[in-house]
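Single-structure report; data block below.
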Number of protein chains: 2
Amino acid sequence: MALFLGLSAFPITPADENGQIDANALAALLERLAKAKVHSVGLLGSTGGYAYLTRSERRRAIAIAVEALNRRVPVIASVGAIRTDEAQNLARDARDEGADGLLLAPVSYTPLTQEEAYQHYLAVASATDLPLCIYNNPSTTHFNFSPELLARLAQVPTIAAVKMPLPADRDFASEIARIRSTAPSGFAVGYSGDWGCGEALLAGADIWFSVIGGLLPEPSMKITKEALAGDAQEVARLNSIFEPLWDLFQEFGSLRVVYAAMNILGLSQAQPHRPLLPLSAAEHGRVQAALEALEEI
Amino acid sequence: MALFLGLSAFPITPADENGQIDANALAALLERLAKAKVHSVGLLGSTGGYAYLTRSERRRAIAIAVEALNRRVPVIASVGAIRTDEAQNLARDARDEGADGLLLAPVSYTPLTQEEAYQHYLAVASATDLPLCIYNNPSTTHFNFSPELLARLAQVPTIAAVKMPLPADRDFASEIARIRSTAPSGFAVGYSGDWGCGEALLAGADIWFSVIGGLLPEPSMKITKEALAGDAQEVARLNSIFEPLWDLFQEFGSLRVVYAAMNILGLSQAQPHRPLLPLSAAEHGRVQAALEALEEI
């Protein structure tokens, strides 16, 4: 079965203030995802705070997840790093711990040229045989992939998918057709930006890389199934119920909102890594109200 | 004597492909800076590749520099890190190795709010007694300091200076006056972006955070002295000789150009850290020509 399809759920990685992962808390979050039968777990994504964790903790997170999920759900592990050799090492660690696929963002300090990004992806994609997804996330990496670079990367044998940000014009169909036209058959195109992803699946995207899927897997699976079945009206109805939460995601960044929601739901006491700050009490109230609205789903 | 004034020279940190610093090569680069009597060394800045080096190598670089310079020139060490606790540890390391001041950029993965940046600076500035300079570098950090945030940070007792990017309208005098008007007396305002810094010093800036100063300290000191003496005509003349190099800095990023220049001048065989790539042979030719033009200074 293809790895990059349906709902890929991105949980937080509960950790203490020193960046040490709480194995039991992580396993409990993953158990909820397995029970909801999400299509994959996007471990150590932006939501999973990979950029704030050491190599050894990232390796540990994968070991914990592979054991907890016990092959019920495949694990896609994010291996972004500022140095090419470090990202290669992370990819090998992920393979050695049993991950099923990789996700790689072009994190950088000195802004990268298109050729530097190409060589970086080629080196990391060649470090293992695992299928790799391009993690195109300009809001955190500030790197923009040219259409030519995406087309070139899609030819690398282990590069199997791309995670795109929502297109400004919301014309998913044209963007998906453009990417597919220059990629080998079977190359998967997915989106992140939860508020637009039902729409993306309706327009033919393969996979939704989902923050909310890591927190509330059941209602997220509901949107996913309706979208894959082509029921635009039902997707719109469900999205309207999610709207207060989507608004909060866009106002505060989904990461801070998800931590607040985890705390409110009693799923984790973890806080974001400093310098990131928890939401205020008033903001927590808004998150709580948005979560209560979802009870009708 | 004030720390944040005149020419602060930012050398590369010569390292091998595993990120291990070449102590002899670094000491030799620093010796050239001491002989030219630069006002300070900006160690491990963006040019010094701090973001690509481990904590232990960053500590080693400071130890090497303090020993090599032997108090002839003060050392300002950059301590930016994505986690607050890590940046605090780097600040303590710098103090313990004998650095004279700190430089802190708001590096991030999840984009920071103004309040998060404030708390981050407060925590790192409070970790030692060393004077700290705000490293405002939006081209690498993608963080924008509001005037209110700068004013608030200037009140923190150990925060003594700010390094600004060139203002889009090149109105240095207004920007410097605005920052000084909300800061305690003696708060230093400096600039980076070598092609505009002679102008900045002429307009009353305290300090030039200089990439070229780390490579060619003597001609850089010449621009600095003429600017501090108020000779606008001579600064313009010197800048016109530097123009081919300034053009290359803007076209390729100063880091890649400085590595090429180091190689051409026989000062270091080091290469940028992957994924950053060295300039091509043709581009090296242009750097060589730009360096030859400088021989008339």
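The values are calculated or read from the model by the stated rules, or taken from the named source; none is laboratory data. Bear in mind that the values here come from a model prediction, so they are computed numbers and not experimental data. Positions of Cβ are backbone-derived with ideal geometry, glycine not excepted, and every protein chain shown enters the neighbour counts.
Conditions (1) in contact with a helix residue (DSSP H, G or I) (Cβ under 6 Å, 6 or more places away or on another chain); (2) farther than 25 Å from B:P272 by Cα; (3) within 14 Å of chain B (Cβ to nearest Cβ), marked per residue:
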position	(1), (2), (3)
A:V66	no, yes, no
A:L69	yes, yes, no
A:R72	yes, yes, no
A:A77	yes, yes, no
A:A87	yes, no, yes
Worksheet item: Of all residues in region A:1-59, which are part of a loop (DSSP other than H, G, I, E, B), away from chain B (no Cβ under 13 Å) and at pLDDT 95 or above?
Response: A:L3, A:F4, A:L5, A:F10, A:P11, A:T13, A:P14, A:D22, A:A36, A:K37, A:V38, A:H39
Worksheet item: Of all the residues that make up region A:7-40, how many are free of Cβ contacts under 8 Å to residues at least 60 places away in the same chain and among the hydrophobic types (A, V, I, L, M, F, W, C)?
Response: 6
Worksheet item: When A:L90 is evaluated against the numbered criteria (1) in contact with a Ser or Thr (Cβ under 8 Å, 6 or more places away or on another chain); (2) crowded, with 22+ Cβ neighbours inside 10 Å, which criterion, by number, is the only one it fails?
Response: (1)
Worksheet item: Name the pairs whose Cβ atoms lie under 6 Å apart, with the first residue in region B:88-115 and on the phi > 0 side of the Ramachandran plot, the second modelled with pLDDT of 95 or more and not in a strand (DSSP E or B), and 6 or more positions between them or separate chains?
Response: B:G98/B:V66
Worksheet entry | Residue satisfying condition, being within 13 Å of another protein chain (Cβ to nearest Cβ) and either crowded, with 22+ Cβ neighbours inside 10 Å or closer than 19 Å to B:F187 by Cβ (or both), within set B:P106, B:P131 | B:P106
Fill in: Wholly enclosed helices (runs of 4 or more DSSP H) of region A:153-238 bearing at least 2 residues surrounded by 24 or more Cβ atoms within 10 Å (Cβ to Cβ)
A:194-202, A:211-215, A:217-228
Worksheet item: Got a sec? Which of A:G253, A:G230 is free of Cβ contacts under 8 Å to residues at least 12 places away in the same chain and at positive phi?
Response: A:G253
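Scanning for something assigned to a loop (DSSP other than H, G, I, E, B) and away from chain A (no Cβ under 14 Å), does region B:247-265 turn up at least one residue? Explain how you work it out, then say what you get.
If we filter region B:247-265 for residues that are assigned to a loop (DSSP other than H, G, I, E, B), which is where we start, we get B:253, B:265.
Those still in the list that are away from chain A (no Cβ under 14 Å) too: B:265.
Yes, region B:247-265 has at least one match.
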Worksheet item: Which condition breaks for B:Q269 when tested against (1) under 20 Å from the mean Cα position of the chain (by Cα); (2) at pLDDT below 95; (3) of a type outside the set (D, E, K, R)?
Response: (1)
Worksheet item: How about region B:41-67: which of its residues are of a type in the set (S, T, N, Q) and either without any contact (Cβ under 8 Å) to a residue 24 or more places away in the chain or over 16 Å from B:L267 (Cβ atoms) (or both)?
Response: B:S46, B:T54, B:S56
